[in-house]
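Since the structure comes first, as structure tokens, the remarks are kept for the end.
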Amino acid sequence: METARFVHGGNIYDPAADGGAWLDFSANINPLGMSERVREALLQHIDDVIHYPDPEMRELRAALAAHYRLPAGGFLCGNGAAELFYLYFFVKRPKRVLLPVPSFSEYERSARAAGADVHFFYLEEKGAFRPDLMKILQEVSRIGADCVVLGNPNNPTGTLLRRQELMALARDLKNVDCQLLIDESFLDFRRDEADFTLRQDAAAQDNILLVRSLTKFFAIPGLRLGFALGPKQLLHEMEQAKDVWNVNLLAQAAGAAMLSDQMYQKQTRAFIAAEKENLARRLKAIGHLRVYPPSVNFLFVRLERPQHTDELLDFLRQKHILIRDCRHYPGLGRGFLRLAVRTRAENDRLLAAWQSYALLQGHEK
């Protein structure tokens, strides 16, 4: 198995040749940065790290319940979404996992770590990588899969599925004794997320586990925080299998603070809604690449001349700019790239560098 398949963006720790700082478009983090309420909460609680975290996570669960309008006891909190994927697979132990790809590599990695046989279902470029749920259901029956994993929106393609579609799929999967693991880690970026989320359905449907990361929207990837929603018995089994202090004290304090910051959340959604379209439009104007319609805080693109991929990446690195090379995602190849939406000034810097490369190569329209 190729190690490169499981490499993530956001690796800013490899120094640039001249020692300069990276401008990181490879990790999809809120460009507005950390909420001031989070900063204040961290400072307020820094001396409390001499104590163990609250194993019941009372304050964090109460904040989650108030924010998402669900019972506090229905949340399973984790050290980021990735921990919850691993917990799920080690508890449920599915034998065959159907994984529509390209998708986030930790789905495959966590399933294989628990001994599952992972089968890829290749999404079609001609269909803009949108999952065909009828074909997925047929493949589940063909191979005897007992788990399907979907990102909504999917990473790196950004494709979205509506709530009604997913609920219909979950009901059909239940008829063949198959679970649905759904990852909604980017949905908080959307103002219309109610049209897509299964959070009101996960507890009542006994073959769904919903996982969300909180680190991307609230810009705390270094703290790690996420949660899962699902049937009570499954959450109980996962709770029993995890470390009792899996969410550290500062992450709990940050989570409670950030969930109450409504202004920060509104500003983030408004900024992303406008800036993703601005970045997509200006990238298209450079020419010789396809920009897929952005749904959240990142763009998925394909170079029309994939043979120039390494040259472009090297040029941008010389400008201290990192973007995500997607060639190692199953189902993709050279020429597919993902880049985060950052601040207007940072996006201008990326676009200026990309335009300079195009002019040097004669790629301009």
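Side notes on the structure shown:
- Residue among Ala203, Ala170, Ala241 that is without any contact (Cβ under 8 Å) to a residue 40 or more places away in the chain and of a type in the set (Gly, Ala, Ser): Ala170
- Only residues that are in contact with a strand residue (DSSP E or B) (Cβ under 8 Å, 6 or more places away or on another chain), in contact (Cβ under 8 Å) with a residue 60 or more places away in the chain and among the hydrophobic types (A, V, I, L, M, F, W, C) were counted in region 258-308, giving 5.
- Candidate set from region 123-159 (those that are buried (at least 22 other Cβ atoms within 10 Å of the Cβ) and of a type in the set (A, V, I, L, M)); member that is nearest to the chain's Cα centre (by Cα): Leu150
- The single residue among Asp14, Asp48 that is without any contact (Cβ under 8 Å) to a residue 60 or more places away in the chain and either open to solvent by 10 Å² or more (accessible area, probe 1.4 Å) or outside any strand (DSSP E or B) (or both) turns out to be Asp14.
- Among residues that are among the β-branched types (Val, Ile, Thr) and assigned to a strand (DSSP E or B), Val296 is not included.
- Residue check for Glu184: over 23 Å from Arg93 (Cβ atoms), acidic (Asp, Glu) and open to solvent by 10 Å² or more (accessible area, probe 1.4 Å): no
- Restricting attention to region 327-365, the residues that are surrounded by 14 or more Cβ atoms within 10 Å (Cβ to Cβ), of a type in the set (D, E, K, R) and closer than 18 Å to Arg290 by Cα total 3.
- Flag for Glu275 being surrounded by fewer than 18 Cβ atoms within 10 Å (Cβ to Cβ) and of a type outside the set (Lys, Arg): no
- Scanning region 295-310 turns up one or more residues that are open to solvent by 60 Å² or more (accessible area, probe 1.4 Å), under 22 Å from the mean Cα position of the chain (by Cα) and modelled with pLDDT of 95 or more.
- Here the helices (runs of 4 or more DSSP H) wholly within region 69-143 that include at least 2 residues being over 15 Å from Leu173 (Cβ atoms) and out of contact with any Asp or Glu (no Cβ under 8 Å at 6 or more places or on another chain) are 81-92, 105-113.
- Annotation note: of Ala241, Ala203, Ala194, the sole residue that is surrounded by fewer than 22 Cβ atoms within 10 Å (Cβ to Cβ), farther than 21 Å from Ser103 by Cα and under 18 Å from the mean Cα position of the chain (by Cα) is Ala194.
- Tally, over region 95-104, of residues that are in contact with a helix residue (DSSP H, G or I) (Cβ under 8 Å, 6 or more places away or on another chain) and open to solvent by 10 Å² or more (accessible area, probe 1.4 Å): 1
- A single entry from Arg61, Arg112 fulfils the requirement of being surrounded by 20 or more Cβ atoms within 10 Å (Cβ to Cβ) and under 22 Å from the mean Cα position of the chain (by Cα): Arg61.
- From the options Leu169, Leu137, residue that is at negative phi and either in contact with a strand residue (DSSP E or B) (Cβ under 8 Å, 6 or more places away or on another chain) or among the acidic types (Asp, Glu) (or both): Leu169
The values are calculated or read from the model by the stated rules, or taken from the named source; none is laboratory data. Nothing here was measured: the structure is a model prediction, and the numbers come from that model. Please note: Cβ atoms are built from the backbone with ideal geometry, for glycine as well, and neighbour counts cover all protein chains shown. Remember, those area values only see protein heavy atoms, side chains included, never the ligands or the DNA or RNA. Shrake-Rupley method; radii C 1.70, N 1.55, O 1.52, S 1.80 Å.
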